[in-house]
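Scroll down for the structure; my scribbles are underneath it.
The values are calculated or read from the model by the stated rules, or taken from the named source; none is laboratory data. Predicted, not measured: the structure shown is a model, and the values here were computed from it. Cβ placement follows ideal geometry from the backbone for every residue including glycine, while neighbour counts extend to all protein chains displayed. Please note that ligands, DNA and RNA were not included when accessible areas were found on the heavy atoms of the full protein model with its side chains. Shrake-Rupley method; radii C 1.70, N 1.55, O 1.52, S 1.80 Å.
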Amino acid sequence: MEKDPSILFRRAGKVIPGGVNSPVRAFRAVGGEPLFISRASGSRVYDSRGKEYIDYVASWGPMILGHAHPAVTEAVARAAQSGTSYGAPTEAEIEMAEIITGAIPSVEKIRMVNSGTEAVMSAVRLARAFTGRKRIVKFEGCYHGHSDSLLAKAGSGIATFGIPGSPGVPAELAALTITLPFNDGGALRSAFSSAGHEIACVIVEPVPGNMGVVPPKEGFLETLRETTAAGGSLLIFDEVITGFRLTFGGCQNLAGIRPDLTCLGKIIGGGLPVGAFGGKKEIMDRLAPEGPVYQAGTLSGNPLAMAAGIATLKTLRDGRIYPVINKLCEELCRELRGRFRRKGIPVRIQQYGSMFTPFFTAEEVADYQTAARSDTGAFAGFFREMLAGGINLPPSQFEASFISGAHRDADIDATITAADRALAKI
Ligand code: KE4
């Protein structure tokens, strides 16, 4: 039955802050009211009025196979027949851990949690315990979830709303987070020359999606690895987005870099709530009950989430999807670049594998300062016209769009047609 999204949004606003359970969904940065999605299948989502959209949000990354993939939905339905949670170890958790440790060589042991935030929060605590140091380094525009130490100059919703940090985070704690410009190896080296002995870890999105897609410059990730190793700090790759997005493993597999700890989420849960953090045995074995570093979770390794994640990873495992979705992404980005160029609109479409972002700026976006100089008003206008044309893009300049295995040439063609119409109007 069709439902008016405005009525739903007003009803939601009475009982949910901002009417949403995650801020960036509220369309505040692009104007208008959010869609209320009633169902999704393949490359499409359907709103509460039944209107169909080609989807590039992909639930912010997890839906690499497309929505309602039968392997995933059948696995979840099957698992649910045996119950939904036990609070005890299950074989499925072993299988998940074996798949991930088999795919990412730097991950010798892994702990399942329920979100990317939890994965990062736990990995940072573990790094502080393992090194006995307090300070952490992150990069401006990278988003690592909403745990207190990581909200400084973050990307995603923090960048979208221009929130400098977040009220409620004690200044004493925020002061322990050093924020540096992404792609600036020199800034990292000087931070280490002045405070290296205090730095527990450096955390980075190896290919940031949370300031929009910003590829790492040649040698940057290597500098992080060399500098942390020399300084006795841990290198944490936050691969919540990039894990199993760019290859069957982490972005680290492609970069040939072995971080000390890796955070995962999104794709490994197949759309159900999952996060994970893993790394070297000698570090991971400091975790309770093996070691003294406490970390826990009622629903960690939940049977339904494991079923969805294992079904997703088994479907990805032969690796055949990656060249296909990367090629579709290249084609879409190439066509869009041509359209904007012919209209004389300065847009920089940055792509990495099957993720992309149209930045409304003429300059190369190499860090958050350049991303922030984009014309977010022009992005919002383009977003609204594309939505009207049946294309569901992420409602923020500082996010990534994703191609799934369910997208076809026809979806790309329809997206280009919608872009032609949108450009005629903005
Ligand atoms: P969650 O706690 O939202 O599961 O994961 C936090 C996180 C950690 N690391 C990276 C690299 C991430 O991208 C995220 C979450 N991503 C955002 C979108 N870019 C989640 C969307 C939202 O906040 O609604």
Normalised by the residues of the range 350-426, what does the relative contact order come to in percent, with Cα pairs under 8 Å and at least six apart?
33
For a quick protection proxy, order the peptides 176-185, 134-143 by their average other-Cβ count within 10 Å, most packed first.
134-143, 176-185
Given backbone amide H placed at 1.01 Å from N, residues whose amide H is under 5 Å from that of PHE359, ignoring those fewer than 5 places away on the same chain, are ARG348, ILE349, GLN350
Taking Cα centroids, how far is the range 167-245 from the range 384-426 in Å?
32
With springs only between Cα atoms under 10 Å, which of ILE94, ILE268, ILE158 fluctuates most in a Gaussian network model of the chain?
ILE94
Helix-only mean residue ellipticity at 222 nm for the chain, each DSSP H run of n ≥ 4 adding -39500 (n - 2.57), per residue, nearest 500:
-11500 deg cm²/dmol
Which parts of the range 207-223 would a label at GLU364 reach, counting a residue when its backbone N lies under 15 Å from a point 7 Å out along Cα-to-Cβ?
214-221
Compute the length gained on full extension between LYS327 and ALA296: take 0.36 nm times their separation in residues and subtract their Cα-Cα distance, giving the result in nm to one decimal.
7.1 nm
Tally up the carbon and sulfur contribution to the accessible surface of the chain as a whole percent, 1.4 Å probe, everything protein left in place.
52
Taking H as built 1.01 Å from N, whose amide H comes closer than 5 Å to the amide H of ASP238, not counting residues under 5 places away?
VAL204, GLU205, CYS263
Give the lysines reachable from LYS153 as a straight Cα distance under 22 Å; neighbours fewer than 8 places away on the same chain don't count.
LYS134, LYS138, LYS217
Residue-normalised accessible area of the range 70-316, given per residue in Å² at a 1.4 Å probe:
38
For the chain, what are the per-bin percents of Cα-Cα distances with bins 20 Å wide, up to the bin holding the maximum?
27, 59, 14, 0
Mind scanning LYS3/LYS51; LYS266/LYS314; LYS51/LYS327 and naming the pairs with a C-alpha gap bigger than 18 Å?
LYS51/LYS327
